[in-house]
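S.K.: Below is the structure I would like to discuss, written out as structure tokens.
The values are calculated or read from the model by the stated rules, or taken from the named source; none is laboratory data. Since we're looking at a predicted model, the values are computed, not measured. Note that each Cβ is placed from the backbone with ideal geometry, even for glycine, and that neighbours are counted across all protein chains shown. For the accessible areas, the whole protein counts, side chains as well, though only heavy atoms, and no ligand, DNA or RNA atoms are used. Shrake-Rupley method; radii C 1.70, N 1.55, O 1.52, S 1.80 Å.
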Amino acid sequence: MKVFYDSDSDLNLVKKKKICVIGYGSQGHAHALNLKDSGVKDIVIGLRKDSSSIKKAENDGFKVLEVKDAVKDSDICMILVPDELQADLYNDFLFDNLKNGACLLFAHGLSIHFQLIKPRKDLDVFMIAPKGPGHTVRAQYLAGGGVPCLLAIHQDSSGNALDIGLSYASAIGGGRSGIIQTTFKEECET
């Protein structure tokens, strides 16, 4: 088992990226706020136009756009909606709108492991899965700690997916307590 920490990560990698967080529920708000507090300047929240989370995200200082518009210029797109919605979300809004070479992230392995989503070949596809609910991810970060994260690479089109993944995981607090490298299969089946 390989474990990484903040000292293994270059936080500047993620700070330079345009990040789209899709969903602003338990994990979505924690990821977005922790990224922001870690110095990421360009974060947009992708939500349905009738989402009850729009006001909450706006009140937290984020720009909110409909998903297809939110992902167009993003370097990193983190999907934080329920598993059962992910395939339709990808097929309807992400497949044609993600820019070439973008990173597609998940916090759970189901959609990739069971091939509900077949990502484009030009994308880096990886998972950053905090091992706790969003309120704990946020609270631990604010307290100076972090929740351990699992990191798995499914597709490394750029050759840089591990470094970007470590940077993202550290930015949400995972590098403070440990980023454990795994696979989508192991995360999903255990």
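S.K.: Tell me whether segment 58-76 contains one or more residues that are touching a helix residue (DSSP H, G or I) at 6+ places or on another chain (Cβ under 8 Å), closer than 19 Å to H154 by Cα and not in a helix (DSSP H, G or I).
M.R.: yes
S.K.: Now a separate question. Does V71 satisfy being within 14 Å of the chain's Cα centre (by Cα), touching a residue at least 12 places away in the same chain (Cβ under 8 Å) and either farther than 15 Å from A169 by Cα or open to solvent by 20 Å² or more (accessible area, probe 1.4 Å) (or both)? First the steps, then the outcome.
M.R.: Details: within 14 Å of the chain's Cα centre (by Cα): yes; touching a residue at least 12 places away in the same chain (Cβ under 8 Å): yes; either farther than 15 Å from A169 by Cα or open to solvent by 20 Å² or more (accessible area, probe 1.4 Å) (or both): yes.
Against the criterion (within 14 Å of the chain's Cα centre (by Cα), touching a residue at least 12 places away in the same chain (Cβ under 8 Å) and either farther than 15 Å from A169 by Cα or open to solvent by 20 Å² or more (accessible area, probe 1.4 Å) (or both)), V71 qualifies.
S.K.: What are the pairs with Cβ atoms under 7 angstrom where one residue, in segment 1-28, is charged (D, E, K, R) and the other, located anywhere, is outside any loop (DSSP other than H, G, I, E, B) and surrounded by 22 or more Cβ atoms within 10 Å (Cβ to Cβ)? Sequence gap at least six, or different chains.
M.R.: Sorted first by the residue in segment 1-28, then by its partner, the pairs are D6/S170; D6/G175; D8/L166; D10/S167; K17/I76.
S.K.: Among residues belonging to segment 134-190 that are touching a His at 6+ places or on another chain (Cβ under 8 Å) and open to solvent by 60 Å² or more (accessible area, probe 1.4 Å), point out the one that is modelled with the highest pLDDT.
M.R.: That would be K185.
S.K.: Now for a different question. Go through segment 23-49 and give me each residue that's surrounded by fewer than 23 Cβ atoms within 10 Å (Cβ to Cβ) and among the small types (G, A, S).
M.R.: Once the filter is applied, which keeps residues that are surrounded by fewer than 23 Cβ atoms within 10 Å (Cβ to Cβ) and among the small types (G, A, S), segment 23-49 yields G25, S26, S38, G39.
S.K.: Being within 21 Å of V14 (Cβ to Cβ) and open to solvent by less than 10 Å² (accessible area, probe 1.4 Å) is true for just one of L65, L94. Which residue is that?
M.R.: From the options L65, L94, the qualifying one is L94.
S.K.: Quick check on my filter: what residues within segment 1-22 are surrounded by 16 or more Cβ atoms within 10 Å (Cβ to Cβ) and in a strand (DSSP E or B)?
M.R.: Those that are surrounded by 16 or more Cβ atoms within 10 Å (Cβ to Cβ) and in a strand (DSSP E or B): F4, I19, C20, V21, I22.
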